[in-house]
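For reference, the structure is listed below as structure tokens.
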Amino acid sequence: MNDKRVRVRFAPSPTGPLHMGGVRTALFNFLFAKKQGGDFLLRIEDTDQTRFVPGAEEYIMESLDWCGIKVDEGIREGGKYGPYRQSERREIYKKYADELIASGNAYYAFDTPEALDELRKKAEENKETFTYNAATRNGLDNSLRMTQAEVEQKIASGNNYVIRFKMPVNYEVVMTDIIRGEVRVNTDTLDDKVLFKSDGLPTYHLANIVDDHLMKISHVIRGEEWLPSLPLHVLLYRAFGWEDTMPEFAHLPLLLKPTGNGKLSKRDGDKMGFPVFPLFWKSAEGETASGYREEGYFANAFVNLLALLGWNPGTEQEIFTLDELITLFSLERVTKSGSKFDPKKAEWFNHQYMMLKSDAELATLFQPVLNEKGIEVDSAKLIRIVALIKERANFVKDFWDQSFFFFQAPVSYDEQVVKKRWKNEVPSQIASIKDVIANVSDFSAARAKAAVSAHIEENGWAFGAIMNALRLCVVGAGMGPDLFEIIELIGQQETVLRIEKALAVLK
Ligand code: GLU
């Protein structure tokens, strides 16, 4: 088994935008395959036509593209095991369902949805739940109770039917999960799942097993929510006689809400103030959901933060390139327990990636924001500005709030700061500082600082108090990087004008 080529698949159903947990599943599959020189497939599982959402497929592919998760075989890439969209493989599945009937592992069930609903309701009234299984199947409308001729007759006369798996009675299924170890389930806790529906399409379970087999998948790496389906899947492999080539399974831990209570759901994100989708999404009904890309995350920061949700390298290292992740990744280091999503940590990751970029690149990313505001700034100057403020930002979109004062004089003054800093003899001290600044020759941050400091010292004033008030004049608030750097960048004349204006406005 170990000499078999590694082939993994990401198999989303196109029922809406891809959740970040789905992207993590894709990423772990990709890392696992690439580490071993294997193949990463994208298979679209769209056999549930009622849940199909237009645009979802494109969204999935664009998300993977953005993350740099390269698909080797898929609906767009093609490949020799295609088609890779299950709705285009419909002719394939019926034969396998028939095979299970012939071998006695499945049966036709003619029960109408209404009849089953009735049974469910009745059970509920008795505080029970109705299950289609060994205990009930013999009293229901299925081929187990009919002769071959009766079954054929029923089908020929156009009765709707489904094909159900005949779950063995009281049998212990022993399975191995790479992350969880041995898992045991008794079949008496399971039901006779529908494998093939009346619309002529297979259900997820049948299509998934048939395709994994035909596509020579070596490892199934998927979310924990599929663990309950594993016994059925393993029994299907056995029923088909494919156990020898059955893939190995690994079920990834859930992503949990920041509070740790429950899984991170599609609805959590915008409610809790962070995206849960990789890209912005707008549904046909006009509903929108924010995406990491549009919120200003760098793709490599997003990939990095996803990689550490449920996996760790066993060292303190937190920042990884995709190539490093490929080298370091292993399923053995994936945790069993759910991993709590921390939105603050996510922002921290973006900050780290921002700090790795050159000031020139960040200036280029900031430029469109300024263009939109009609602000023209020399690129060398912009690079210096970005260098001064980037430490205080997590996203390029934060740059403006950290730097507006480089481009425009204050239009108002932070009231709190005014109350705290603009009192007693401070205004008159600032007036004299203004003259000092106006008289600096060969103006620079260092020379302005030297002159101002000397003046403060000569007069025996408090340096901090004056600096805070001067910042208020120049910035309009108590924020920003080194004041003399700001002064140098806006220039001597502009600094003097701003002080004059503040003296006039604040009185
Ligand atoms: N179509 C399933 C999903 O949407 C795939 C589960 C699996 O990987 O087996 O998640």
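The values are calculated or read from the model by the stated rules, or taken from the named source; none is laboratory data. Given the structure is predicted, the values throughout are model-derived calculations rather than measurements. Every residue, glycine as well, gets a Cβ built from its backbone with ideal geometry; the counts of neighbours run over all protein chains shown. Note: accessible area is taken over every heavy atom of the protein model, side chains too, but ligands, DNA and RNA are not part of it. Shrake-Rupley method; radii C 1.70, N 1.55, O 1.52, S 1.80 Å.
The table below gives the values:
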{"read-out": "Answer residue from the stretch 236-270, given it is closer than 16 Å to residue 168 by Cα and away from the ligand (no atom under 15 Å from the Cβ) and is surrounded by the most Cβ atoms within 10 Å (Cβ to Cβ) among those", "value": "239"}
{"read-out": "Of the criteria (1) free of Cβ contacts under 8 Å to residues at least 60 places away in the same chain; (2) surrounded by fewer than 20 Cβ atoms within 10 Å (Cβ to Cβ); (3) under 30 Å from residue 317 (Cβ atoms), which one residue 305 fails", "value": "(2)"}
{"read-out": "Residues of the stretch 417-467 classified as of a type in the set (S, T, N, Q) and under 16 Å from residue 507 (Cα atoms), total", "value": "4"}
{"read-out": "Pairs with Cβ under 9 Å, 6+ apart, first in the stretch 144-156 and closer than 16 Å to residue 106 by Cβ, second surrounded by 14 or more Cβ atoms within 10 Å (Cβ to Cβ) and basic (Lys, Arg)", "value": "144/137; 144/166; 145/137; 146/154"}
{"read-out": "Test result for residue 365, closer than 22 Å to residue 254 by Cα and not hydroxyl-bearing (Ser, Thr, Tyr)", "value": "no"}
{"read-out": "Strands (runs of 3 or more DSSP E) within the stretch 1-111 that include 2 or more residues within 16 Å of the ligand (Cβ to nearest atom)", "value": "7-10, 39-42"}
{"read-out": "Residue in the stretch 335-343 that is part of a helix (DSSP H, G or I) and open to solvent by 60 Å² or more (accessible area, probe 1.4 Å) present", "value": "no"}
{"read-out": "Subset tally (residues that are within 12 Å of residue 289 (Cβ to Cβ) and touching a strand residue (DSSP E or B) at 6+ places or on another chain (Cβ under 8 Å)) for the stretch 253-273", "value": "3"}
{"read-out": "Neighbours by Cβ (under 7 Å, 6+ apart or cross-chain): first from the stretch 373-389, touching a residue at least 60 places away in the same chain (Cβ under 8 Å) and more than 16 Å from residue 408 (Cβ to Cβ); second in a helix (DSSP H, G or I) and open to solvent by less than 80 Å² (accessible area, probe 1.4 Å)", "value": "384/489; 388/485"}
{"read-out": "Residues of the stretch 203-235 that turn out to be within 10 Å of the ligand (Cβ to nearest atom), of a type outside the set (A, V, I, L, M, F, W, C) and without any contact (Cβ under 8 Å) to a residue 40 or more places away in the chain, as a count", "value": "3"}
{"read-out": "In the stretch 170-202, the residues that are within 16 Å of the ligand (Cβ to nearest atom) and open to solvent by 10 Å² or more (accessible area, probe 1.4 Å)", "value": "178, 179, 180, 183, 193, 194, 197"}
{"read-out": "Selection from the stretch 112-132 of residues that are outside any helix (DSSP H, G or I), of a type outside the set (D, E, K, R) and exposed (fewer than 15 other Cβ atoms within 10 Å of the Cβ)", "value": "112, 126, 129"}
{"read-out": "Count of residues meeting criterion [open to solvent by 40 Å² or more (accessible area, probe 1.4 Å) and either in a loop (DSSP other than H, G, I, E, B) or of a type outside the set (Gly, Ala, Ser) (or both)] in the stretch 444-454", "value": "2"}
{"read-out": "Scope the stretch 394-443; condition within 30 Å of residue 299 (Cβ to Cβ) and either open to solvent by less than 30 Å² (accessible area, probe 1.4 Å) or assigned to a helix (DSSP H, G or I) (or both); matching residues", "value": "395, 396, 397, 398, 399, 400, 401, 402, 403, 404, 406, 407"}
{"read-out": "Residue check for residue 383: open to solvent by less than 40 Å² (accessible area, probe 1.4 Å) and over 13 Å from residue 305 (Cβ atoms)", "value": "no"}
{"read-out": "Filter pass, residue 287 being in contact (Cβ under 8 Å) with a residue 24 or more places away in the chain and over 27 Å from residue 182 (Cβ atoms)", "value": "no"}
